[in-house]
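Worksheet for the structure shown next.
Values quoted throughout were computed directly from the atomic coordinates according to the rules given, and no laboratory measurement underlies them. Keep in mind that what you see is a predicted model, and the values were worked out from it rather than measured. Neighbour counts run over all protein chains shown; Cβ positions are idealised from the backbone, glycine included.
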Amino acid sequence: ALWESKSKLYSCHSHDLRLSHNPTGSQGQFPITQNVTVVEGGTANMTCRVDYNDNTSLQWSNPAQQTLFFGDKKALRDHRIELVRASWQELTIRISDVSLSDEGQYTCSLFTMPVKTTKAYLTVLGIPGRPEITGFTKPAMEEDVITLTCTTSGSKPAANIRWFRNDKEVQGTKELNATGKSFTVRSSLQFEVDKRDDGVAYTCSVEHESLSKPYMTTEVLEVHYAPHLEITHSLIIPQEGQYFKLECVSIGNPPPEPVLWSKDGGELPDIERMIVEGRELTITTLNKTDNGTYRCEASNHLGTSSAEYILYVYDPNALGHHGPDHALIGGVVAVVVFITLCLIIVFGRYLARHKGTYLTHEAKGAEDAPDADTAIINAEGNHVHAEEKKEYFI
């Protein structure tokens with residue numbers, strides 16, 4: 001009994017010593033927590049610490065104020081919640097397979113007198129589903145108006161959707177709907193289909209803080225449109241005896257086929273020299289009889305198109321003796337001579353106008369002077385104002 005009494009006294013004395021060595025006293029007995037953010041389906045560790053504790057228990061409670069752990073004792077039957085560490089200075093628990101319903105404010109309590117509590121908020125990020133694009137009609141027809149819609153569900157907070165036409169971003173119209181704690185996000189693009197949209201890739205990109213990289217999905221637009229034809233030729237100046245090729249270049253979807261060639265509204269006259277291979281017409285040896293209008297024609301289910309080329313075959317001998325155009329050269333020389341004469345006349349008249357400037361009446365007033373000295377003075381004074389005595393003539 002004496003030993004038990006001494007032990008109690010020693011324990012009480014040690015407790016007093018701990019208090020006296022704590023510089024903040026009871027202020028050190030205050031739980032410390034941190035907010036936690038976790039992705040849905042992940043694991044959250046909730047930690048509560050105290051700088052000083054005199055053997056007082058710590059407790060974790062969920063947003064519904066249900067006790068999860070009191071010290072190392074589990075209070076709520078939830079297989080997802082387990083103890084990580086329990087001591088007088090720390091109580092850490094782990095919540096596995098976190099769901100959106102686990103989000104909220106958790107409370108750590110230190111059972112002193114009075115009880116001290118600290119809050120920690122658990123944020124659960126909802127992962128968006130992979131996007132889907134709807135509204136594609138394959139194939140689309142030129143001048144059709146179509147609406148493409150990209151949808152993703154399950155995000156929290158709401159995901160962001162971006163559209164790209166090939167590599168260039170284009171703006172869509174966003175729509176947001178809440179489903180419980182998560183969101184369904186839609187973005188739509190509406191445009192009139194052009195033949196330039198054929199083969200264009202439209203990409204929907206979903207961005208969210210729970211993702212390390214965006215989710216993307218792509219659809220390639222197929223556009224059907226009427227054909228357009230052009231004829232290209234292998235020679236700028238076709239000459240007799242040369243090899244000559246015409247090609248009917250066509251664009252259209254579906255590709256316009258077959259390509260039909262004709263000359264001057266009828267069939268090709270010389271099938272031995274005029275060879276048709278697909279879109280190409282080759283004339284192996286040109287001569288003057290090949291002069292005329294060549295036409296190619298092709299069609300698909302949306303329409304028919306044609307193109308024409310006028311062929312003129314030159315005589316190589318005539319081209320070789322063709323000299324310079326003397327009439328043209330003579331005309332240029334005449335114009336240069338005329339301009340030169342005009343300049344000479346104008347310059348001469350300018351010199352004539354300014355060459356006649358001279359001073360007169362230099363001694364005006366001298367003849368009226370009463371004596372010689374006054375006459376000299378009057379003459380010198382008139383030189384000072386010589387600018388007033390200029391006369392001009394033409």
Worksheet, complete the sentence: A student asked for the Cα radius of gyration and Dmax of region 31-125 in angstrom ought to give 12.5, 38
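Given Lys74/Lys213; Lys119/Lys213; Lys181/Lys213; Lys195/Lys288; Lys73/Lys213, which pairs have Cα atoms separated by over 30 Å?
Working: Lys74/Lys213 39 Å; Lys119/Lys213 32 Å; Lys181/Lys213 23 Å; Lys195/Lys288 41 Å; Lys73/Lys213 41 Å.
Beyond 30 Å between Cα atoms: Lys74/Lys213; Lys119/Lys213; Lys195/Lys288; Lys73/Lys213.
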Worksheet item: Applying 1/(1 + (r/R0)^6) with R0 = 51 Å to the Cβ-Cβ distance of Leu351 and Glu308, what FRET efficiency is obtained, to the nearest 0.05?
Response: 0.20
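If eta is 1.002 mPa s and T is 20 °C, what Stokes-Einstein diffusion coefficient results for region 116-173, Kirkwood Rh from Cα pairs, in µm²/s? Write out the running numbers ahead of the final one.
On the way: Rh = 14.9 Å.
D = 144 µm²/s.
Extension gain Leu100-Val249, at 0.36 nm per residue separation less the Cα-Cα distance, in nm? If you can, show how the numbers build up before the last one.
Values: separation 149, 0.36 × 149 = 53.64 nm, distance 6.07 nm.
Contour length minus Cα-Cα distance gives 47.6 nm.
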Worksheet item: In sequence order, what are the phi-derived ³J(HN,Hα) couplings for region 225-237 according to the Karplus relation 6.51 cos²θ - 1.76 cosθ + 1.60 with θ = phi - 60°, rounded to whole Hz, with x for glycine and proline?
Response: 8, 5, x, 9, 10, 9, 10, 10, 10, 8, 10, 6, 10
Worksheet item: Which far-off residues, 5 or more places away or on another chain, put their amide H under 5 Å from the one on Gln242, with H placed in the peptide plane?
Response: Leu286
Fill in: Estimated FRET transfer efficiency when R0 is 35 angstrom, pair Glu257-Val335 (beta carbons, to 0.05)
0.05
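Under the 0.36 nm per residue contour assumption, what length would be gained going from the current alpha-carbon distance of Arg165 and Thr293 to full extension? Walk me through the numbers before you get to the answer.
Working: separation 128, 0.36 × 128 = 46.08 nm, distance 4.27 nm.
Gain on stretching Arg165 to Thr293: 41.8 nm.
What does the charge add up to near Thr289, with Lys and Arg as +1, Asp and Glu as -1, over the other residues with Cβ less than 15 Å from its Cβ?
Details: positive: Lys263, Arg273, Lys288; negative: Glu240, Asp264, Glu267, Asp270, Glu272, Asp290, Asp315.
Cβ neighbours under 15 Å give a net charge of -4.
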